[in-house]
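The values are calculated or read from the model by the stated rules, or taken from the named source; none is laboratory data. Keep in mind that this is a model prediction, so the values were computed, not measured. Here Cβ is always computed from backbone atoms with ideal geometry, including for glycine, and neighbour counts include all displayed protein chains. Protein only, heavy atoms only, side chains kept; ligands, DNA and RNA dropped before computing areas. Shrake-Rupley method; radii C 1.70, N 1.55, O 1.52, S 1.80 Å.
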Amino acid sequence: MLFNSIEYFLFLPTVFILYWFVFKKDLKLQNLLILISSYFFYGWWDWRFLSLIFLSTVVDYFVGLKIYDSQDNKVKKTYLWISILFNLGLLVFFKYFNFFIESWIDLLGSFGYEQKSVWTLNVILPVGISFYTFQTMSYSIDIYFKKLKPTKDFISFAAFVSFFPQLVAGPIERASHLLPQLLSKRVFKYDQGVQGLRLILWGMFKKVVIADSLAWRVDYTFDNFQTLDGGVLFLGLIYFSFQIYCDFSGYSDIAIGTAKLFGIEIKSNFRFPYFSRNISEFWRRWHISLSSWFRDYLYIPLGGSRRGRWRSIRNIFIIFIVSSFWHGANWTFIMWGLTHALLYIPNFLLGKNRQHVNGIVGDKGIFPSIKEVFQIMLTYLSTTIAWVFFRSDSISNAFLYLGKLFSKLEIPSDNRSGIIYVLIIIVLDWAFRKNGRLNIIVLPKYRYVELLINYSIIIVIINMLIQNYNNSTKFIYFQF
Amino acid sequence: MIKKFIIYFLIYYFPPIILHGLIILPPIISKLSMLEYVHNSNCGYIYHPNTIEEIFKYKLDTILDKDFDIIVIGSSRVNQFRKEMFSEDVDFFNLCHMGNGNENYLLLLKYIIQYQKPKVIILGIDQWLLNDNYPNGEKNDYNSNSIYKSDTYNYYKDYYNNLNYLNPGYDSINGINLIGSQAVTNLHGFRSDGSWFYGKRFYKIINRQKFIDEKNTILRINDGVLKFQFGENIKKTEIQALKEIIRICKNNNIELIGFFPPFPNSINLIMDNSGRYDYLKKSKILLHKLFKENEFNFYDYTRIDEFDDNYYIDGLHGNQNIYYSILDNLSLRSKDIDINKNFENGYYLNNSEKRILLKKFQNSTL
């Protein structure tokens, strides 16, 4: 079920009413409702893959208990590996099987051994598998490292794994954050509910109005890049950078807002990444739940930056390549990750990777300094150019695109119509940046201002939804 | 707390959802019933709503609803093939305006064979598709994307233009209903057989001496841009898609007839004189070979000398006289193409028609 669908507009109020009016006195029933509605939400897309979520849930539920109960470290480790191998096995089979086989055949082909692809399977990628497998894995790992106690409440645990607002595209939640909330009684808070609604509205605006309006322009540019001038390609790239940002952060906002309606807090996933002053800051602001997951469960266990310079560089490469591969079975993603690693390492070697950890650009005034503008532009340009690899069908196409990027920088006026959407999001993000993402919509001083804003946004969203009703309006990150 | 929240929701969110929904839903429902009417209608109609998606839906749903003996696939340059041109027992449907390239047509073919297997598919292949230099990324191409985007305004326009379309005599010519804003305003649109009626456009060509170069064809040839981009080599992706079309037709026992649609003589002359369209000769030879290898036929109707420029709507589109003659020619070569020998292949723009265009319009069989 898509957040921007009519079904969801019926589904959400129904679950909300049942949750707060019918089952409000019984925590277990509330969690059971979350579980059932989450499975319904997911099954609306394809019920067959519910079995995968269920299997992943069962495995990690028992593994968690076994790790905790066992006194023997070897046994604990064995159970941990069961969880890791099972979850990664699911991922590898459904996401990477064909890729590995095809890459192997290509490799043989390059040595002159022609081999027909007989082993590839027509495997459908289950929506959200990269998200929920990482979520369940983190549960077992946290128990192994004694950061968390397992729960015996299977329903609550299953609700944690499948919690519908963030099931298919994150944010990837940690058990230590989400599970205790599911295990304790929730009380409806007016402010939290209002904030939830505002976030849903804001997320919808970003997805439906900005991202979907840029989507066909981006498709056009990347589909026809060989015949377009550099200026148009450059603009298409800018459009894509904002399309993917608004698409994904819009989804995250709707997810966080929806969770708030049920009295549950989910961690933020984006914090104005395009205002970053260097690449390290960008990665602290972009897809935070994934980058922090890799930081905690891969980078730090590998030694992080504490075991010498070369080892740190190796670890940086590993984390970027693995996280890029997480996005999909394609060399283009790996190239994208490599590019980011190459952008990150100079920053690391200069000791600037810990700069700008707190605060946001221009937090002492309205405008940034000239130096900051330069830093932001440089960071934005480098991340945007890296998007070429992310968006292209193949690495060769990505290089062709990049090659044409600096030829004939003219932009026909007809191609500029999307700039307005980019400007809207830049201005709004800049205005909201100081209050942090969760408080982005400041309480207006006058109620009628909020009324006017809400009505306008809702009308625009409805119109855009109808306008795009025949086009694909899926969220980009569903494919991962 | 929760009551306060619900009151907040009812004041701050609910009204625009409901009110706007109430305004916007009737046009959508009206669209659906319009389409349903078109599909169930036994009488003639000209269908052209404001949104191109509706046209796609209309044509695709027709394929889903009914089996046909002969289906035409192509761009606007096949839109003059009509049901009346075939003998009465031939079920015919025209899938014109459904794409601009063999890759689109391949998708369309795959869709068709999911639901039916016609005896014959006639495929109009626009010459420029085979030019390796096309498209050249001119802004017009970029703009063409925007026509695939509908907007709310168009929904309202269709809705209010068609509030009474079901009433007999309303927005109709000689009992033939005009359905959709474009049909009502410009009297043009798709007939029930999927073919295209040019309608009001005849007003424009009434006093012409030759075709009206609305699409700046001559300018395009002189500049070598857009559809008339100069080119030497054949576009491989188009050939690849065409091969797949041929393979699918062969595997499904569908007779595939391919052809190059005609250009006006003056256009052919300018193109020949320019000497910069080598891909045309090469692609003609290649297509003949490709079709022949699979026991199909390909015909080149780029040049039909017996029809002068007067028989062309513009620099790209011939009128129905030309297309009937193409069918006549094809019927001699394919046993499944059974044409209507009594088809009134009147010349649309003879002098009397020029004088009485309006009147003629009223009495047209459309």
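A probe of 1.4 angstrom, applied to the heavy atoms of all protein chains, finds residue A:214 with accessible area near 0 square angstrom.
Within the assembled protein chains, the solvent-accessible surface assigned to residue A:33 is about 20 Å², based on a 1.4 Å probe. From most to least packed by mean Cβ count within 10 Å, the peptides B:60-71, A:217-228, A:234-245, A:158-169 give A:158-169, A:234-245, A:217-228, B:60-71.
Note on the stretch A:220-358: along the principal axes its Cα atoms extend 49, 45, 30 Å, ordered by decreasing extent. With a 10 Å cut-off around each Cβ of A:217-227, the average count of Cβ atoms from other chains is 3.
Across the protein chains, with a 1.4 Å probe defining accessible surface, the residues B:1, A:137, A:335 rank B:1, A:335, A:137 from largest area downward.
Measure up B:83/B:236; A:206/B:59; A:77/A:149 against 26 Å on the Cα-Cα distance and list the ones that go over. The answer is B:83/B:236; A:206/B:59.
Treating r as the C-beta distance of residue A:400 and residue B:334 and R0 as 56 Å, the FRET efficiency rounds to 0.80. When nucleic acids and ligands are ignored and a 1.4 Å probe is applied, residue B:9 ends up with an accessible area of around 60 Å². Using a 1.4 Å probe on the protein heavy atoms, what percent of the accessible area of chain A belongs to carbon and sulfur? Carbon with sulfur: 66 percent of the solvent-accessible area.
Solvent-accessible area lost on pairing A with B (1.4 Å probe, both sides summed) amounts to about 3400 Å². The 1.4 Å probe gives accessible areas that order A:95, B:289, largest first, as B:289, A:95.
Please compute the average number of Cβ atoms from other chains found within 10 Å of each residue's Cβ in peptide A:14-20.
For peptide A:14-20, the averaged partner shielding equals 1.
Within 10 Å of the Cβ of each residue in A:195-203, the mean number of Cβ atoms contributed by other protein chains is 1. So, counting K/R as plus one and D/E as minus one, what does the shell of residues with Cβ under 12 Å around residue B:249 add up to? It works out to a net charge of +3.
Per-residue ellipticity at 222 nm computed for chain A from its helices equals -20500 deg cm²/dmol, with DSSP H segments shorter than 4 residues left out and the rest contributing -39,500 (n - 2.57). Between residue B:309 and residue A:306, what is the FRET efficiency for a Förster distance of 60 Å, r being their Cβ-Cβ separation, to the nearest 0.05? It comes to 0.15.
A cut-off of 5 Å between modelled amide H atoms, ignoring neighbours fewer than 5 places along the same chain, links residue B:46 with B:177, B:178, B:179.
Each of B:120, A:427, A:460 has its accessible area taken with a 1.4 Å probe; listed largest first, they run A:427, A:460, B:120. Within the stretch B:250-309, the proportion of C-alpha pairs whose separation exceeds 15 Å stands at 58%. Translational diffusion of chain A, estimated by Stokes-Einstein from the Kirkwood radius over alpha carbon pairs at 37 °C in a medium of 0.692 mPa s, is 137 µm² per second.
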